[in-house]
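Contents: one structure, followed by commentary.
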There are 2 protein chains.
Amino acid sequence: MSHKSDIEIAREAAKRPIQEIGAKLGIGAEDLLPYGHDKAKVSQPFIDSLAGRPDGKLILVTAINPTPAGEGKTTTTVGLGDGLNRIGKKAAICIREASLGPCFGMKGGAAGGGYAQVVPMEEMNLHFTGDFHAITSAHNLLAAMIDNHIYWGNALGIDQRRVVWRRVMDMNDRALRDIVTSLGGVPNGFPRQTGFDITVASEVMAILCLASDLADLERRLGDIIVAYTRDKAPITCRDIGADGAMAVLLKDAIQPNLVQTLENNPAFVHGGPFANIAHGCNSVMATKTALKLADYVVTEAGFGADLGAEKFMNIKCRKAGIAPSAVVVVATVRAMKMNGGVAKADLGAENVEAVKAGCPNLGRHIENVKSFGVPVVVAINHFSGDTEAEIAAVEEYVAGLGSEAVLCKHWALGSEGTEELARRVVALAESGQAEFEPLYPDDMGLFEKIETIAKRIYRADSVVADAKVLSQLREWEAAGFGSLPVCMAKTQYSFTTDPTVRGAPEGFPIPIREVRLSAGAGFVVAICGEIMTMPGLPSAPAAESIRLNADGFVEGLF
Amino acid sequence: MSHKSDIEIAREAAKRPIQEIGAKLGIGAEDLLPYGHDKAKVSQPFIDSLAGRPDGKLILVTAINPTPAGEGKTTTTVGLGDGLNRIGKKAAICIREASLGPCFGMKGGAAGGGYAQVVPMEEMNLHFTGDFHAITSAHNLLAAMIDNHIYWGNALGIDQRRVVWRRVMDMNDRALRDIVTSLGGVPNGFPRQTGFDITVASEVMAILCLASDLADLERRLGDIIVAYTRDKAPITCRDIGADGAMAVLLKDAIQPNLVQTLENNPAFVHGGPFANIAHGCNSVMATKTALKLADYVVTEAGFGADLGAEKFMNIKCRKAGIAPSAVVVVATVRAMKMNGGVAKADLGAENVEAVKAGCPNLGRHIENVKSFGVPVVVAINHFSGDTEAEIAAVEEYVAGLGSEAVLCKHWALGSEGTEELARRVVALAESGQAEFEPLYPDDMGLFEKIETIAKRIYRADSVVADAKVLSQLREWEAAGFGSLPVCMAKTQYSFTTDPTVRGAPEGFPIPIREVRLSAGAGFVVAICGEIMTMPGLPSAPAAESIRLNADGFVEGLF
């Protein structure tokens, strides 16, 4: 059992040159675009050459509703990938990139933990291969071109009050949430109120992650609705003429990034859309490329299964034409206890009854995932304080639902700790049980799609929306957007819209505060409650203690 | 004679793997951090290992005042580098990186032209190795932390009216020049008026380009003055606690980028500070690294010699402890004609008298450069329409000043066209004539430094500044900043502050509109006239025609 910190373990990693990692998947050195010696992009021509190959099996890792106890979803994704390689399968993992801005607020983004990590950790929390910077540039070029169009005569007749395209920055900067631009007179344009979101909230990010290739990316960029005329006719990015230049800015960013786990297994880390106003999954390009190269691809979705897995199934899989062969739901004894009413400070004491009381949250997620037609296995991510009786309680509960829970010790042991999980995943995937089907058909009405998710996944008894929201949805249906899937923006901490309600509640209302159309990404966002798209820094930001030490290592980032 | 466009020539380049280019300078593959196969950063430990080596000879390429006819300074820098290699010298070139934002307005930034170019051209005009994005992030982190400090209680007592640190974006976006932030009530902070500059105008850019190493970078970042208290006491970046995290964001960006010329010779392309409110030279790190690795290092400075060479000598050389062994002043027959009063439309016709009438502009620059104690050679950058009589007129004029003008055909012929220039430069550099001395001593008063530049370089008869400017300069002297050099922000088109006055005027006033302190970069900026730090896009921005073609090439960027 190690007592080293994640960053200490990451720094001691025996990294192999990225060309060796690529070779494990049959990618030649000439088909990798290196960024330093331990990161590379997989070249587009090579990806294009894979088209005729069969796909490997896709495994989704999702989780219970997150609690302050931590569930370890990314850690389990990495651990399972290593475990599959350990038992002789050619496996790769696919996860999201970290956002730079929040690293300077609270803490760096995780790429696993303990002995189940992806490296190079520091670079992945800083600029990495520049994808997010490219997205920021593309997004802001469009914004500059909109104001420039208005400045030079506004031939498209944009209603300056109805410009819906804001700007983005990969930074936690509350001062930019709500601003007035173009002050200073004639040379600076027409003043209007707007603001900045954080880059991961950009529709360009969602588009990059859903695009099937560069041509599809450019088409989707063109479809973005940026403003409306006084008659409420939409103005698109294509009308502004920015789609081509944005695609140029994104031509490298769309190529998936390859790095490695601590055990030198291949990991694709690509894209990072918000899991609330967007779908929260790594890129389709990375997932599909990995499926062509590996027999098993382990990926994850943001937040708990009610949000993350639901969007993975109904948005990403539906749109990309892919389907999971098995799903791993991550749970911890500690999180079950918190769902059972135990406070974080009291998690150290054995409490089997609380574990049992919290299990229905897990049960609900298992049931939901199965409703998509895919087999489920539960991974109990082991913490050193878990007692045998507590673990047994989870195992028994899951067995009662006709599934299996496997204790995993990858945090402490690496792939040795996920051997059993890997074997169980292989058995499920090979069983042919999976008959994936999305929750709702394309041709269901937009409001009915929201209702279906709310009632069948969250177990709400009603969806509450005022007439403005309903008429907006009907307008979009009339305009040809009715076949889009719905992207729910809801708290991740509860099945309800109240983050304090744990467990498995039933029979509550889901209020829809606002709906937004992401015509380029290809979904309608339904916002339930407050959604923050530009975070702020805390009173003592992490940045104050981040610096390079005398050895050239980054201190304070984690 | 080629009729291919620059981009066509660049695409046909027979590029060698960047490791081969590094090997020419003795840089091992392990000491290069590759970015793709044709770009790399030179690793910091390798640079540190060079400390004891002797320096090669530094050659500065500067020019007459730019005219719409084009003088070809970067092209000549590249051509001379190739020419030196051709005659058997181990030579490298050092130039600046291009800014992304302006590429979407008028045209892409040049990296030479014809058969004297640096490649990969497209990448160098897009994200390149991410240096400018890193500078943008570091700059804006400091901005976010300043507003965050005020938000959480303002323990430092910052006067919100006196926050002088703006934000930056690498984009031409006039709407961001003048904005009000923090609207929307309590959670978003205290509203105040501020704005964005383009990234190249950031003091962080100037600091990156003047820093001798990472420790010096962090110290200079800490010294940045970001705001003042009500009592006008300065608040620094160090007070805000952002210096360490900013250095972390810049730890890769500070490492020089290595690329290659069309003739596969090494080119360092690193940093790109504004040539008006900053000093307009590539980084000290790149120049010093190149000097350790090559026998000849050819570099350039922004704008004409009155601004670029003056700042190169008085700021960069003084601060970095380097000195040029010879200076090349680039002129063209066409530009001489324009200085002699010919309109651009009439440049096609032979006009020897106009050439002669325009030569005093060149003569003034030659005289100015010689006043720094360094020998000069003039490079006549050949255009196909130049006549023998016109060329002879320039040669005779320069000979009359005791210098030599060499006709160069690198645009059409590559290094074959600069063989003679290269031999002449070697002869001058080996002659030991250079006895470099800055124009003024550190301990001269700040206003006297401005006067010295204005009178001895521009040939003004007076410097006009109101009492506020004078008292500001005296305050800075009292606060210990009196020993800093002065960075002049003046139009590049004329020795005067009126861009329409060509030739070699004398006896005019230089008005100082404003002075600014760049305490981190280490200079006082004297602003003569209007200086635009955030450009706008034109009515038909280049971005509208930029896109990827069916072959995956970028169209419209150049």
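The values are calculated or read from the model by the stated rules, or taken from the named source; none is laboratory data. Just so it is clear, the structure is predicted and the values come from calculations on it, not from any experiment. Don't worry about glycine lacking a Cβ; one is built from the backbone with ideal geometry, like all the others, and counts go over all protein chains shown.
Structural remarks
- Verdict on residue B:354 being closer than 23 Å to residue B:506 by Cα, surrounded by fewer than 24 Cβ atoms within 10 Å (Cβ to Cβ) and modelled with pLDDT of 95 or more: yes
- Scope the stretch A:101-138; condition modelled with pLDDT of 90 or more and assigned to a loop (DSSP other than H, G, I, E, B); matching residues: A:104, A:114, A:115, A:120, A:126, A:127, A:128, A:129, A:130
- Lone unmet requirement of (1) surrounded by 18 or more Cβ atoms within 10 Å (Cβ to Cβ); (2) touching a Pro at 6+ places or on another chain (Cβ under 8 Å); (3) within 14 Å of another protein chain (Cβ to nearest Cβ) for residue A:19: (1)
- Residue within the stretch A:5-20 that is within 28 Å of residue A:250 (Cβ to Cβ) and part of a helix (DSSP H, G or I) present: yes
- For the condition crowded, with 24+ Cβ neighbours inside 10 Å, over 28 Å from residue A:27 (Cβ atoms) and either of a type in the set (D, E, K, R) or touching a residue at least 12 places away in the same chain (Cβ under 8 Å) (or both), residue A:196 qualifies.
- For the stretch B:524-549, the set of residues classified as buried (at least 19 other Cβ atoms within 10 Å of the Cβ) and β-branched (Val, Ile, Thr) consists of B:524, B:525, B:527, B:546, listed by residue number.
- Residue A:64 vs. criteria of a type in the set (A, V, I, L, M), surrounded by 24 or more Cβ atoms within 10 Å (Cβ to Cβ) and closer than 20 Å to residue A:25 by Cα: no
- The single condition among (1) at the interface with another protein chain (Cβ under 8 Å from one of its Cβ atoms); (2) in a loop (DSSP other than H, G, I, E, B) that residue A:141 does not satisfy is (2).
- Of all residues making up the stretch A:114-128, the number that are in contact with a His (Cβ under 9 Å, 6 or more places away or on another chain) and either more than 9 Å from chain B (Cβ to nearest Cβ) or of a type in the set (S, T, N, Q) (or both): 3
- Residue, farthest from the chain's Cα centre (by Cα), within the stretch A:292-344, restricted to residues that are of a type in the set (S, T, N, Q) and within 22 Å of residue A:495 (Cα to Cα): A:339
- Hey, residue B:261 over 16 Å from residue B:517 (Cβ atoms), of a type in the set (S, T, N, Q) and touching a residue at least 60 places away in the same chain (Cβ under 8 Å) or not: yes
- Any chance residue B:98 is part of a loop (DSSP other than H, G, I, E, B), within 14 Å of another protein chain (Cβ to nearest Cβ) and within 18 Å of the chain's Cα centre (by Cα): yes
- Condition met for residue A:363 (closer than 26 Å to residue A:496 by Cβ and either free of Cβ contacts under 8 Å to residues at least 60 places away in the same chain or in a loop (DSSP other than H, G, I, E, B) (or both)): no
- Within the stretch A:123-143, none of the residues are surrounded by fewer than 24 Cβ atoms within 10 Å (Cβ to Cβ), out of contact with any Gly (no Cβ under 8 Å at 6 or more places or on another chain) and of a type in the set (D, E, K, R).
- Just one residue in the set B:229, B:181 is surrounded by fewer than 21 Cβ atoms within 10 Å (Cβ to Cβ) and among the hydroxyl-bearing types (Ser, Thr, Tyr); that residue is B:229.
- Test result for residue A:181, within 27 Å of residue A:94 (Cβ to Cβ) and β-branched (Val, Ile, Thr): no
- Taken as a whole, the stretch A:29-43 holds no residue that is in contact with a Gly (Cβ under 6 Å, 6 or more places away or on another chain), part of a loop (DSSP other than H, G, I, E, B) and in contact (Cβ under 8 Å) with a residue 60 or more places away in the chain.
- Residues of the stretch A:372-426 that are in a loop (DSSP other than H, G, I, E, B), out of contact with any strand residue (DSSP E or B) (no Cβ under 9 Å at 6 or more places or on another chain), modelled with pLDDT of 95 or more and of a type in the set (Gly, Ala, Ser): A:373, A:402.
- In the stretch B:489-536, of all residues being in a strand (DSSP E or B) and charged (D, E, K, R), the one that is farthest from residue B:211 (Cα to Cα) corresponds to B:514.
- Among the candidates A:261, A:289, the residue that is more than 16 Å from the chain's Cα centre (by Cα), over 19 Å from residue A:205 (Cβ atoms) and surrounded by 24 or more Cβ atoms within 10 Å (Cβ to Cβ) is uniquely A:261.
- Output for the stretch B:156-202, where each listed residue is of a type outside the set (Val, Ile, Thr), more than 10 Å from chain A (Cβ to nearest Cβ), under 21 Å from residue A:537 (Cα atoms) and in a loop (DSSP other than H, G, I, E, B): B:156, B:157, B:165, B:166
- Among helices (runs of 4 or more DSSP H) entirely within the stretch A:215-314, having at least 1 residues that are away from chain B (no Cβ under 14 Å) singles out A:284-293, A:308-311.
- If the condition is being surrounded by fewer than 16 Cβ atoms within 10 Å (Cβ to Cβ), assigned to a loop (DSSP other than H, G, I, E, B) and under 25 Å from the mean Cα position of the chain (by Cα), then the stretch A:448-478 contributes no residue at all.
- Some residue of the stretch B:317-331 being farther than 30 Å from residue B:437 by Cα, assigned to a loop (DSSP other than H, G, I, E, B) and of a type in the set (Gly, Ala, Ser): no
- Residue B:43 closer than 25 Å to residue A:128 by Cβ and at pLDDT below 95: no
- Out of B:536, B:556, one residue alone is touching a residue at least 12 places away in the same chain (Cβ under 8 Å), facing chain A (nearest Cβ under 8 Å), in contact with a Lys or Arg (Cβ under 6 Å, 6 or more places away or on another chain) and of a type outside the set (Phe, Trp, Tyr). It is B:536.
- Restricting attention to the stretch A:427-446 and to residues that are touching a strand residue (DSSP E or B) at 6+ places or on another chain (Cβ under 7 Å) and at pLDDT 95 or above, the residue that is surrounded by the fewest Cβ atoms within 10 Å (Cβ to Cβ) turns out to be A:436.
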